[in-house]
Amino acid sequence: MDNTKLLEFQSVQDWMKGLHEHWGGDPVNDDPDRLPTLAEFCAFANVDPDTAVKECKRIDKAGDVRISVKGRRKYSELIDEFQAKSPGSKLQRAKRGNTVRSFLIHNGILLQAGAQMHRVTDREDEEE
Amino acid sequence: MQYKEVVGRRRSIRFFEPDRPVEREKIQVMLEAARLASCAVNAHWLKAIVVHRDKIPEEKLEKLKTPVLNVQLDLAPVHIYFFVDLGVVNRMQGTRLKQLVDVGALPPTHGWSHRFVDELVYPQILKPLTEDAAYPVAAAADAGMAVCQALLAGVDEGLGVGLNTPNPALAKEVFEVPEDWFSLWVLLVGYPAESWDAGGQRPRPDFEEQYFEGSYGKPFKRDPAVVERLKAENMIQRQAVPNDPERRAEIKKLAERLGLPI
């Protein structure tokens, strides 16, 4: 899926809007890997962006939007798997996983995968 | 550091230096401060379990992580789990209160005696209180004051601190605490990876919206001269503003360094 097609999805537009509002700049061009990484994830998970967001949410009996614990767990695990199978160094893999996490976060899905590079050894490995 | 500056400098730190250890003596200072807190009926409901992130078994640490408490548990080298011991009042049966009578803190001038505690305070007030639905709330509020002292002592020791809520059932299970304890908070401790200012003091509701004088609805008038004095004494500091470019840049840099999403 190319960038133009991807940007037709509401959830991707919301992601770009959220990034711009929070960090400023031009989210599409400031990090040219951003949209292709999401496209790769969608292919990996066999899902389109709007559906991924939808599956992480649910509507309760009162009609309020809630986070679906089951859905979020599913996508959290899928992102971990996507990250683990990604090419490159640990830092590069973490960046790819975090790109997808950012997509869900800016769509209102609170998601924490922990600090990917918090151990001294993580950073030492990267420097080698 | 002066007390007012400690209050003014405190921030809920969310980015800790993950590899910088915290001196054990500083943790003790925090616990000593908690122990000296004002406490109703000298009961001391607060209990604490100090956990060193790198010493707790990995599976226990993973179990304690929640969707909102994952990054911080990874980053903070020390986690202090606070519990409220609801059984203490009935175990002590007024003995800690009588200690206050003995040392003159609760003197006869104010109507206190051992007999008063034994015949009235414990059986007629404290024991029934422990059976009241509001008891855990009162105990938690009291314990919260002690936690606050620990937290501020940590800031005074040059540490970064952040209070968080663990999953209460899992915290009880992981630490195998007595049945009558309940989980209150986890205080994360370490050296801040973010700047001390951390973007500035957090937005607060207007002073006169919160505090009243004499009766409800009559605001306690805020004297600007006092505000200026507190600014000079570093209690009131620069307030954080939305979309501060410096703060954004700081968070981006931390996210990159620590492997966090933006």
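The values are calculated or read from the model by the stated rules, or taken from the named source; none is laboratory data. Computed from a predicted structure; not experimentally measured. Cβ coordinates were reconstructed from backbone atoms using ideal geometry, including for glycine residues, and neighbour counts include every protein chain displayed. Note: areas computed on protein heavy atoms with side chains; ligands, DNA, RNA excluded. Shrake-Rupley method; radii C 1.70, N 1.55, O 1.52, S 1.80 Å.
A few points about this structure:
- When the residues B:262, B:56 are ordered by accessible surface, computed with a 1.4 Å probe over the protein chains alone, the sequence from largest down reads B:262, B:56.
- Within the same chain, lysines fewer than 8 places from residue B:98 are excluded, and of the rest, those with a Cα less than 26 Å from its Cα are B:47, B:127.
- Total accessible surface hidden between B and A, rounded to 100 Å², 1.4 Å probe: 1900
- Accessible surface, the protein assembly as shown, averaged per residue in Å² (probe 1.4 Å): 55
- Entries of A:54/B:60; A:70/B:55; A:90/B:60; A:74/B:65 with Cα pairs more than 27 Å apart: A:54/B:60; A:70/B:55
- Neighbour count of at most 15 Cβ within 10 Å plus DSSP loop: longest GluC sites (Glu not before Pro)-free window in chain B: B:24-130
- Residue B:218/residue B:141 FRET efficiency (R0 30 Å; Cβ-Cβ; nearest 0.05): 0.75
- Here the stretch B:33-74 is scanned for amide nitrogen atoms under 19 Å from the site 7 Å beyond the Cα of residue B:132 along Cα-to-Cβ, giving B:39-46.
- Residues of the stretch B:247-262 that bury at least 30 Å² of accessible area once all protein chains are present, compared with their chain alone (1.4 Å probe, heavy atoms only, ligands and nucleic acids left out), are B:248, B:252, B:257, B:258, B:259, B:261, B:262.
- Taking a straight line from the alpha carbon of residue A:5, these lysines sit under 17 Å away, with near neighbours fewer than eight places off in the same chain left out: A:17.
- Sparsely packed trypsin sites (Lys or Arg not before Pro) within the stretch A:51-121, loop by DSSP, other Cβ within 10 Å at most 15: A:61, A:119
- Average beta carbon contacts from partner chains per residue of B:71-77, 10 Å cutoff: 3
- Among the trypsin sites (Lys or Arg not before Pro) in the stretch B:1-95, those located in a DSSP loop and surrounded by at most 15 other Cβ atoms within 10 Å of their own Cβ are B:55.
- The mean count of C-beta atoms from other chains within 10 Å of the C-beta of residues in A:108-114, rounded to a whole number, is 5.
- Within-12-Å neighbourhood charge of residue A:11 [Cβ basis; K, R +1; D, E -1]: -2
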